[in-house]
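Below: one structure, written as structure tokens.
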Amino acid sequence: MLIIILNCVTLGMYRPCEDTTCDSRRCLVLAGFDHFIFAFFAVEMVIKMIAMGILGKLGYMKESWNKLDFFIVAAGTLEYSLDLDGVNLSAIRTIRVLRPLRAINRVPSLRILVVLLLDTLPMLGNVLLLCFFVFFIFGIIGVQLWKGLLRNRCYLDDNVTFPNLTEFYKPDDPYTDYVCSLPTDKGMLSCEDQTIRPAYPIDNVQCNNTLYFNNFTEKCTNWNQYYTECKTSPENPFLGSISFDNILYAWVAIFQIISLEGWVDIQYLLQDSHSKWVWIYFVFLIVVSKYNNANHPGFRIMHLRLSSHSIFG
């Protein structure tokens, strides 16, 4: 166990960006510890194979945890053998992170908990199937209702041509998306509801919010008044990652909603572009997903098994 803990510490101290060429004293010390740890695990495996035998009813390879130990040592051996040929070992070295798993086989109580979790995995397959149906149904609903609506932006009036203006209205914050409601929808935000930005400075004249003129001949003009037409743009919110344009993008949005991370922003955008009643969709989606997962028999059985283990040892 001390060697496993030492291995965890050395793995955590490794800095791949700075240790591309291991020539510093710190990197050489860590490499020395890594050689010692690998040799210790290899010697332990050989001793157990001699004592137990490799195959057979009570052999070393009969137990699954010993197979994990063998795989870790074999991967380390492959790394050392390929290192002599100058092969890129970045993929093989990632197997080192499996070494702390050897602690599971050394702590009986931890081993029992892991076995119980593995026994419940087949039951959790039904949870995944149920989640797929929830994702599919709500994804189809989202695509049918809001396909392309999150692309709505306030465009310039057709009679306005000015080189310094963007094609459609963009707030000062580059991470904020200003959507609008088409005349055929009943969204809560129209192009006339834009937040007035400071006027555009021309010829180094400092403008402020109180200056408001209706033509381009003045020194300061409130350009926002010309973004009056709501049309579909090629951009979706959140740098194009969130939309309901197809079932795959809808699944991404649904996953973010049920994880309760940033779902409020998605709801507000849909309320602005479609209708204030879209909150009904979000409430049903969150309640259905959370209730079904929390009350699935697989989770209840796993909870009972873990509880019985903690009570009866």
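Nothing in this text is a laboratory measurement; each read-out follows from the coordinates by a stated rule. Here the structure is a predicted model, which means the values were calculated and not measured. In this analysis, Cβ positions are derived from the backbone assuming ideal geometry, glycine residues included, and neighbour counts consider all displayed protein chains.
Estimated at 0.36 nm per residue, the fully extended path between TRP277 and GLU235 surpasses their Cα-Cα distance by 12.7 nm. Charging the Cβ of each Asp and Glu at -1 and of each Lys and Arg at +1, and nothing else, the dipole of the range 2-106 about its Cα centre rounds to 480 debye. Inter-label distance, GLN267 to ILE54: 6.2 nm, where each label sits 7 Å from its Cα along the C-beta direction. Remark: the LEU165-VAL114 segment gains 12.3 nm on full extension, using 0.36 nm per residue and subtracting the alpha carbon distance. Charge tally around CYS8: other residues with Cβ under 14 Å, Lys/Arg +1 each, Asp/Glu -1 each, net +3. Peptides 230-237, 55-62 ordered by packing proxy, namely the average of other Cβ atoms within 10 Å per residue, highest first: 230-237, 55-62.
Going by average Cβ neighbours within 10 Å, how do the peptides 8-17, 179-188 rank, with the highest at the top?
Details: 8-17: 11.8, 179-188: 16.3.
Descending mean neighbour count gives 179-188, 8-17.
Can you give me the C-alpha center-to-center distance between the range 28-58 and the range 118-188, rounded to a whole angstrom? So the separation of the two Cα centres works out to 55 Å. Ordering VAL143, VAL114 from the fewest to the most neighbouring beta carbons within 10 Å gives VAL114, VAL143.
Couplings for the range 55-68, taken from phi via the Karplus curve 6.51 cos²θ - 1.76 cosθ + 1.60 with θ = phi - 60°, read 10, x, 5, 10, x, 4, 7, 6, 8, 5, 5, 5, 5, 5 Hz in order; Gly and Pro are left as x.
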